[in-house]
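Enquirer: After the structure tokens below, expect a handful of questions from me.
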Amino acid sequence: MVRFVNLTLAGITQGAVFAAVALALVLIWRATRVVNFAQGGMLMFTTFLAWTVVHDGGSYWLALGVALASGLVIGAVAERVLVRPVEGGPPLNAVIVTLGLYVLLQAAAGMIWGDTPHSYPPAFTIKGLSAGGTRLLLSPFDLFVIGAVALVMAALTVLFVRTGLGLKLRAAAFAPEIARLQGVRVGRMLTLGWALAALVGSLAGVLIAPSVFVGPSQFDAMLVFGFTAAVIGGLDSPAGAVAGGLLLGCALSYVSGYISSDLVTFGALAALITVLMVRPNGLFAARTGRRV
Amino acid sequence: MLEVAGLTAGYGAVRALDGVDLAVEEGSLTAVLGANGAGKTTLLRTVSGLLRPRAGRIALDGRDLARLPVEEIVRLGVAHVPQSGGVITELTVEENLRLGGLYRRDRRALARRVAQMYELFPPLEPRRSRAAATLSGGERQMLALARALTGAPRLLLVDEPSLGLAPRVVARLMAVLRRLCDEDGRTVLLVEQNARSALSVADRAVVLDLGTVVADEPAGVLAADSRLRHAYLGF
């Protein structure tokens, strides 16, 4: 029982990070119908920037701020400069552009910081808490990871559901032409959508950095797991992305703990295939509205 | 208020409008009639900026609209209700309504106008927090019209509001359009295939055929001209 609780706790922590990456992918997919294969590269690059701050003696929090701010900028620039010009062309063009951006970022990071992975400090201790004499697989840092992701999700929910800007963002994503007829500057909304998505991705990068280390290829698996989580939840649903991330995190934790840690990637594939067979649109895909 | 001169527009090799001239007076209701494919929808899409004209002039109070993007034309007070409404089904009724007036950046005025819309279209109020996908065709048309009005436009472009609606609902919508001119001083450019309904409320009517204007008369004169009615309007 303790083992199950521990595996679940570890799964939730992992899952929170997957959820953040999945959310970054979903936000962009909803707004521009592009699967952003550069997401892994973008969060790698912003985490490197944060690492530079820490390495030069800056505080953890300053580094986190740098990562988030640079995420906003990279996301906005990527949309404006790279994705906008291929908008309206075949969907594959945008996908290839994001793949190109990924390769570019990875190469640039290698040139600037080298290929050897660097360690990254956690915000709080990673020594497990104990409850009633039992050591739990849950550290203060894990709590911070969960809390940080939850906070960002809550902030995004408020932005999208409660504010006029959020309403414009959603309208631009659902029906760009109709949104323009209501005076929404759709181009700006798409840029902002990419910026927000990249910010969420950057958060995931900094949170996972202590366990995967910081290197040009260290975050590749994050894109795979994030994408799997997004598909499990339904690519169109932000809530689904979060649920998909947590489900995947727990599932992989059980596979790793009860069977073998070598099978984790296989477990992700199995989870993906199962969901796609049972619910092809993902667990949380919105019922498509009748269009008259 | 709106002046269209020598307007030519189309899609690819298709020329949907060919030298259209049209003048809409402030506070009037002008109907644009004609068969399917006559260019009615293209005319509205070109005026609202969704489609770039190939030639000709579109002026609102003397200001040229032809090169402005849609978002800016909206800000000049032109609202376009597209065919079958174009409500955003994923958003709630209230969200759709607010969206129409958000660009004015005046929260209090927006709340007031949204409330007014529930008075003007009572069936919408009980459904305010439901997804627009749950509305019937007539309710969607009301919502689309109400959404356009929350921006308090001076010129309202309405594309085939009668499409697929029961005659009684059509009559109510037409009466609302008439009242918008008479009571609020708004200007309406109404595109309709249902010529009889449109003529019953319009001040003036323009008949399009294959992208050119074949008649431009006061609505009463056109309704009395049996030759034109038979040739182009089907009644």
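Enquirer: Is it the case that some residue within segment A:237-252 is outside any helix (DSSP H, G or I), touching a residue at least 40 places away in the same chain (Cβ under 8 Å) and either loosely packed, with under 15 Cβ neighbours inside 10 Å or not charged (D, E, K, R) (or both)?
Expert: yes
Enquirer: Something else: Considering each residue of segment B:39-67, count those that are part of a strand (DSSP E or B) and in contact (Cβ under 8 Å) with a residue 24 or more places away in the chain, and give that number.
Expert: The qualifying residues number 6.
This table checks each residue for (1) within 21 Å of the chain's Cα centre (by Cα); (2) more than 17 Å from residue A:214 (Cα to Cα).
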{"residue": "A:63", "(1), (2)": "yes, no"}
{"residue": "A:68", "(1), (2)": "yes, no"}
{"residue": "A:79", "(1), (2)": "yes, yes"}
{"residue": "A:86", "(1), (2)": "no, yes"}
{"residue": "A:116", "(1), (2)": "no, no"}
{"residue": "A:142", "(1), (2)": "yes, yes"}
{"residue": "A:146", "(1), (2)": "yes, yes"}
{"residue": "A:151", "(1), (2)": "yes, yes"}
{"residue": "A:157", "(1), (2)": "yes, yes"}
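Enquirer: For residue B:114, are the conditions met, namely being of a type in the set (Val, Ile, Thr), without any contact (Cβ under 8 Å) to a residue 40 or more places away in the chain and either exposed (fewer than 15 other Cβ atoms within 10 Å of the Cβ) or closer than 20 Å to residue A:170 by Cα (or both)? Don't jump to the end; show me each part of the working.
Expert: On the way: of a type in the set (Val, Ile, Thr): yes; without any contact (Cβ under 8 Å) to a residue 40 or more places away in the chain: yes; either exposed (fewer than 15 other Cβ atoms within 10 Å of the Cβ) or closer than 20 Å to residue A:170 by Cα (or both): yes.
Answer is yes for this residue.
Enquirer: I would also like to ask the following. Quick check on residue A:232: is it at pLDDT 90 or above, crowded, with 23+ Cβ neighbours inside 10 Å, within 13 Å of the chain's Cα centre (by Cα) and closer than 27 Å to residue A:4 by Cα?
Expert: On the way: at pLDDT 90 or above: yes; crowded, with 23+ Cβ neighbours inside 10 Å: yes; within 13 Å of the chain's Cα centre (by Cα): no; closer than 27 Å to residue A:4 by Cα: yes.
Judged against the criteria, residue A:232 is not a match.
Enquirer: Moving on. Taking residue B:115 as the residue in question, decide whether it is at the interface with another protein chain (Cβ under 7 Å from one of its Cβ atoms) and either within 23 Å of the chain's Cα centre (by Cα) or not in a loop (DSSP other than H, G, I, E, B) (or both). Lay out the reasoning, then the answer.
Expert: Details: at the interface with another protein chain (Cβ under 7 Å from one of its Cβ atoms): no; either within 23 Å of the chain's Cα centre (by Cα) or not in a loop (DSSP other than H, G, I, E, B) (or both): yes.
Considered against the rule, which asks whether it is at the interface with another protein chain (Cβ under 7 Å from one of its Cβ atoms) and either within 23 Å of the chain's Cα centre (by Cα) or not in a loop (DSSP other than H, G, I, E, B) (or both), residue B:115 comes out as no.
Enquirer: Still on this structure, I have one more. Could we say that residue B:129 is away from chain A (no Cβ under 14 Å) and in contact with a helix residue (DSSP H, G or I) (Cβ under 9 Å, 6 or more places away or on another chain) here?
Expert: Working: away from chain A (no Cβ under 14 Å): no; in contact with a helix residue (DSSP H, G or I) (Cβ under 9 Å, 6 or more places away or on another chain): yes.
For residue B:129, the condition - away from chain A (no Cβ under 14 Å) and in contact with a helix residue (DSSP H, G or I) (Cβ under 9 Å, 6 or more places away or on another chain) - is not met.
Enquirer: Something else now. What's the number of the only condition in (1) away from every other protein chain (no Cβ under 14 Å); (2) farther than 21 Å from residue B:4 by Cβ; (3) touching an Asp or Glu at 6+ places or on another chain (Cβ under 8 Å) that residue B:35 fails to meet?
Expert: Evaluating residue B:35 over (1) away from every other protein chain (no Cβ under 14 Å); (2) farther than 21 Å from residue B:4 by Cβ; (3) touching an Asp or Glu at 6+ places or on another chain (Cβ under 8 Å) leaves (2) as the failure.
Enquirer: Sticking with this structure for a sec: In segment B:49-78, which residue that is surrounded by 22 or more Cβ atoms within 10 Å (Cβ to Cβ) and either facing chain A (nearest Cβ under 10 Å) or in contact with a Pro (Cβ under 8 Å, 6 or more places away or on another chain) (or both) is nearest to residue B:155 (Cα to Cα)?
Expert: Going through the qualifying residues, I end up with B:78.
Enquirer: Moving on. Go through A:175, A:204, A:198 for me and flag whichever is closer than 30 Å to residue B:85 by Cα and small (Gly, Ala, Ser).
Expert: Numbers: A:204 fails: closer than 30 Å to residue B:85 by Cα; A:198 fails: closer than 30 Å to residue B:85 by Cα.
The unique qualifying residue is A:175.
Enquirer: Of all the helices (runs of 4 or more DSSP H) wholly in segment A:115-210, which have at least 3 residues that are within 14 Å of another protein chain (Cβ to nearest Cβ) and buried (at least 20 other Cβ atoms within 10 Å of the Cβ)? Lay out the reasoning, then the answer.
Expert: Values: elements: A:140-162, A:164-174, A:176-181.
Here the list reads A:164-174, A:176-181.
Enquirer: Among residues belonging to segment B:79-100 that are at the interface with chain A (Cβ under 8 Å from one of its Cβ atoms) and part of a strand (DSSP E or B), point out the one that is farthest from residue B:133 (Cα to Cα).
Expert: This residue is B:79.
Condition check ((1) modelled with pLDDT under 95; (2) surrounded by 24 or more Cβ atoms within 10 Å (Cβ to Cβ)) across all residues:
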| position | (1), (2) |
| --- | --- |
| A:28 | yes, yes |
| A:32 | yes, no |
| A:44 | no, yes |
| A:49 | no, no |
| A:53 | no, no |
| A:60 | no, no |
| A:64 | no, no |
| A:67 | no, yes |
| A:70 | no, no |
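The values are calculated or read from the model by the stated rules, or taken from the named source; none is laboratory data. As the structure is a prediction and not an experimental result, all values here were calculated from the model. For neighbour counting, all protein chains shown are included, and Cβ atoms are generated from backbone atoms with ideal geometry for every residue, glycine included.
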